[in-house]
C-alpha cells in the first residue's frame, strides 16, 4: 500500500517502521533466545510466561469453583502453567517471583468473559488486543492534550508506540499495566469530551492496579473538588463503580481485602521491588528525592486545579501525575513506562516553542537521546545480527535497556516546568483579555 503524505511524513513513517521492526526482531531473535539459553543453562523453568495467566486462572477458579485465588494451592497451580512446574526455594536458580494472585479481587469481573475459553486462545487474542490498544491510546492522549496533528504525524506516532520498548515488553508479557494505561487514557479523553461520569467509572476500573493509579485518583479528586458544581458527576461515577467493584468482590470472596493486603506484602517480599529513584540513587537519596518530588509536583498541580478538562494544561497535568507515578511507585519494570506516553507527547508538541530556555533545550536533547536510544541499539543489533556469534548476541542483549532508569527522571523533570509555565501563560493571557 502506498503511503500518502508529504515527503517528511514518508521519511518519518519509514523510520518508525524500521525502528518498530528492529525492536520486535530484537525481542524475538536476541532477548528471548538469550532468556531461553540462560534458563536452560541454569535449569530454570519456562512455561507460558504470560502475566495474564495468574489473574485468568484465579478468576476462573473463583467464579467457576468458588476457590480462593489468594490461596497457596492456587499459587502452585499458577506456577504449573506460568513456569511449567512449581518453583522450588531450595533451588538457588529458580525464580523468586511466586506469581501469586496479587491483584484486587474485583479484577475477576474484567476477566469473567474469558474464563470458559482455553488459555491458548485468550493468550493470542489478548496479544492482538494490546497491540490495537497501544495505537488507540496514542489517539486518546492526543485528544486529551488538544493536539490535532496531521494524519501522517499521528500514524507515525502510533507506529513508534507499537515498537516502543516498554510497550513491546508489555505486549510480550501480556501485562495488565497496558490495559490500565488504556483505561487512564480513555478516562482523560472522556473528561476532555464532557463525559465526567463515564470518566469516573473508567478510572475506577483502572484501579485493578492500585499502585499505578492512586496518584491520579488523588489528583483528579482534588481537581473535581475545586469546581464541585460542574465536576461532581466525575466523583459520583468513580464512587458508584468503585462501590460496585468492592461490593461485588466482597460477595464472591468475603474478606478479600485482608487477603489482598497479605498478598501485596508477600509480593514485595519476594520481588524486593524498588522505585526508579531508589534504584538510581540508592535507598537514602532515592527516598529523599521521592519525598521532595511529591510536594513539588503537588505545588505545580495546585495551579492547574481550576483548569477545565478540555485545556492543554489539564492534559499536561495528567501526564505529569503519571510521570510522577512511574518514578515513585516501588516498581521499576520497563513496561510501566507506558504511562509516560502523555508526558512524552506533551513535550513533543511544545518542542518548537521559542520561549524554551537554552538549558532546558539542552536537557530536552538529552531526554530525546534517552528516548530513542533503545531504537538506535536495536537497529544496530538487528543490522549486525548475522555477523554476531550466538555467544556475542547473548552478551549484548542489555544494550537497549541502558536508558531505562534515566528516561522517567528526565521526562518528569522536563514536564514539571513545562506545566508550570503553561499555566502561567494561561493566567497572563486571561489577565490581558480582561
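Bear in mind that the values in this text are calculations on the coordinates, not laboratory data. All values reported here derive from a predicted model rather than from experimental measurement. When we count neighbours, we look across all protein chains shown, and the Cβ atoms used for this are built from the backbone with ideal geometry, even at glycine.
Averaging sequence separations of C-alpha pairs under 8 Å and six or more residues apart, then dividing by the length of the chain, give the relative contact order as a whole percent. Value for the chain: 19 percent.
The Cα center of the stretch 257-314 and the Cα center of the stretch 44-122 differ in position by 27 Å. Using C-alpha pairs below 8 Å separated by at least 6 residues, the relative contact order for the stretch 1-142 is 22 percent.
For the chain, with equal point scatterers placed on the C-alpha atoms only and solvent neglected, what are the log10 I(q)/I(0) values from the Debye formula at q = 0.09 1/Å, to two decimals? The Debye formula, applied to the Cα set alone, gives -0.61. Extension gain for residue 150 to residue 7 (0.36 nm times residue separation, less C-alpha to C-alpha distance): 50.2 nm. Note on residue 97 and residue 262: with the Förster distance fixed at 22 Å, the Cβ-Cβ geometry gives a FRET efficiency of about 0.85. Ordering 405, 314 from the fewest to the most neighbouring beta carbons within 10 Å gives 405, 314.
Full extension from residue 65 to residue 250: what is 0.36 nm times the residue separation minus their Cα-Cα distance, to one decimal in nm? The partial results should precede the final answer.
Working: separation 185, 0.36 × 185 = 66.60 nm, distance 1.61 nm.
That pair, residue 65 and residue 250, stretches by 65.0 nm at full extension.
In this simple spin-label approximation, residue 352 and residue 121 carry label points 7 Å from Cα along the Cα→Cβ vector, and these lie 5.0 nm apart. A Förster distance of 30 Å, applied to the separation of the beta-carbon atoms of residue 401 and residue 284, puts the FRET efficiency at 0.75. Here 361, 287 are placed in order of increasing Cβ neighbour count within 10 Å, fewest first, which gives 361, 287.
This ranking places 33, 124, 352 by how few other beta-carbon atoms lie within 10 Å of each, fewest first, which gives 352, 124, 33.
How far, in nm, would the chain grow between residue 333 and residue 37 when pulled straight, counting 0.36 nm per residue and subtracting the alpha carbon separation?
104.4 nm
The share of Cα pairs per 5 Å bin across the stretch 20-74, counted from zero up to the longest distance, runs 4, 16, 15, 15, 13, 12, 11, 10, 3, 0 percent.
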